[in-house]
1. Taking the conditions exactly as written (within 16 Å of the ligand (Cβ to nearest atom), within 16 Å of residue 78 (Cβ to Cβ) and not hydrophobic (A, V, I, L, M, F, W, C)), does residue 19 satisfy them or not?
2. For the range 117-133, what are the residues that are more than 17 Å from the chain's Cα centre (by Cα) and exposed (fewer than 12 other Cβ atoms within 10 Å of the Cβ)?
3. For the range 239-259, give me each residue that is under 15 Å from residue 182 (Cβ atoms) and modelled with pLDDT of 95 or more.
4. I'd like to check something: does the range 79-87 contain any residue that is hydroxyl-bearing (Ser, Thr, Tyr), within 16 Å of the ligand (Cβ to nearest atom), farther than 22 Å from residue 40 by Cα and open to solvent by less than 50 Å² (accessible area, probe 1.4 Å)?
5. Of the residues 171, 207, 179, 183, only one is within 21 Å of residue 11 (Cα to Cα), over 16 Å from the mean Cα position of the chain (by Cα) and acidic (Asp, Glu); which?
6. Checking residue 150 against (1) assigned to a strand (DSSP E or B); (2) within 16 Å of the ligand (Cβ to nearest atom); (3) open to solvent by 60 Å² or more (accessible area, probe 1.4 Å), only one condition comes out false. Which one?
Amino acid sequence: VRPDGQTHVAVLDVGQGDSIFITGPRGQQILIDGGPDLSALTEIGRRMSFFDRSIDVLVLTHPDLDHVASFPAVLDRYRIGAVVMTGVDSATAPYREMLRILKEKQIPVMIADPQQDIDLGDGLLLDILWPPPVYAGVARDDANNTSVITRLTYGEDSILFTGDMEKEEEDEILASGEDLHADILKVEHHGSKTSTSTGFLLAVSPDLAVISAGRDNPFGHPHTQILDRLAHFGVPVRATAWEGTVEFVFDGLEDKRQE
Ligand SMILES: [Zn+2]
């Protein structure tokens, strides 16, 4: 995607996992999660100029395999401005490899902190909403509930990224009083029924939802209960499982948005 003054958000077709590639109005690039295998690398290669060897910001929502698999290869291939993650302890092999490369190449790491947002210029802002910086070096059985929650805003347009947050973290973020409103919601945990509660949907109040899940995945994602709930609130849904890569274009203006 050539810089065209708009922001392009591509929820990549990586099968059962998450990987989202964002290109800003001046070509700023953000990659949120790296999918379950190396397919994210192919997908971002398709969206970057052959000569472009750098990505501004990499976000790892949490170190489960379906979110981290391509990151060691991405860190090898591209110059990365900064990595945002919680630093939660995990034995996932590509995550251990990622930590090794971060150290070896001395890549700047930002431990996610709601006090520190990332201003990419030209009206493009990555707002870190949750969690507070309490997980660095801490082992958690359930990494899903440590997911880094961010909201990307470009002018008047916004999209909320939720990783694999489940009910526990959803309750925390709702209790924190954070403003969660966004035009588009990247539905939590591949559309699993363990989150996307009514209270959360009311707080986000999205015009549209996007689900990243593999075609015919063995988990039954997205769950019909979540699809019914979104339908009940009149929120149209798009899903990588149905249509492959889902892309949104933000012009940053109030009225006419995506499509
Ligand atoms: Zn996942």
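1. Yes; evaluated as a whole, the condition is true for this residue.
2. 121
3. 248, 250
4. First pass over the range 79-87, keeping only residues hydroxyl-bearing (Ser, Thr, Tyr): 86.
Now narrow it down to the ones that are within 16 Å of the ligand (Cβ to nearest atom): 86.
This time we only want the ones that are farther than 22 Å from residue 40 by Cα, so: none.
Scanning the range 79-87 turns up no residue that is hydroxyl-bearing (Ser, Thr, Tyr), within 16 Å of the ligand (Cβ to nearest atom), farther than 22 Å from residue 40 by Cα and open to solvent by less than 50 Å² (accessible area, probe 1.4 Å).
5. On the way: 171 fails: within 21 Å of residue 11 (Cα to Cα); 179 fails: within 21 Å of residue 11 (Cα to Cα); 183 fails: over 16 Å from the mean Cα position of the chain (by Cα).
Checking each option against the conditions leaves just 207.
6. (3)
Residues checked against (1) within 16 Å of the ligand (Cβ to nearest atom); (2) touching a residue at least 12 places away in the same chain (Cβ under 8 Å); (3) open to solvent by less than 30 Å² (accessible area, probe 1.4 Å):
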{"position": "169", "(1), (2), (3)": "yes, yes, yes"}
{"position": "181", "(1), (2), (3)": "no, yes, no"}
{"position": "192", "(1), (2), (3)": "yes, yes, yes"}
{"position": "199", "(1), (2), (3)": "no, yes, no"}
{"position": "204", "(1), (2), (3)": "no, yes, yes"}
{"position": "209", "(1), (2), (3)": "no, yes, yes"}
{"position": "213", "(1), (2), (3)": "yes, yes, yes"}
{"position": "222", "(1), (2), (3)": "yes, yes, yes"}
{"position": "230", "(1), (2), (3)": "no, yes, yes"}
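Quick grid of which residues meet (1) out of contact with any strand residue (DSSP E or B) (no Cβ under 7 Å at 6 or more places or on another chain); (2) free of Cβ contacts under 8 Å to residues at least 60 places away in the same chain; (3) surrounded by fewer than 21 Cβ atoms within 10 Å (Cβ to Cβ):
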residue: 18; (1), (2), (3): yes, no, no
residue: 22; (1), (2), (3): no, no, no
residue: 25; (1), (2), (3): no, no, no
residue: 29; (1), (2), (3): no, yes, no
residue: 38; (1), (2), (3): yes, yes, yes
residue: 42; (1), (2), (3): yes, yes, yes
residue: 47; (1), (2), (3): no, yes, yes
residue: 50; (1), (2), (3): yes, yes, yes
residue: 55; (1), (2), (3): no, yes, no
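The values are calculated or read from the model by the stated rules, or taken from the named source; none is laboratory data. Just so you know, these numbers come straight off a predicted model, no measurement behind them. FYI the Cβ positions are ideal-geometry reconstructions off the backbone, even for glycines, and counts take in every protein chain you see. For the accessible areas, the whole protein counts, side chains as well, though only heavy atoms, and no ligand, DNA or RNA atoms are used. Shrake-Rupley method; radii C 1.70, N 1.55, O 1.52, S 1.80 Å.
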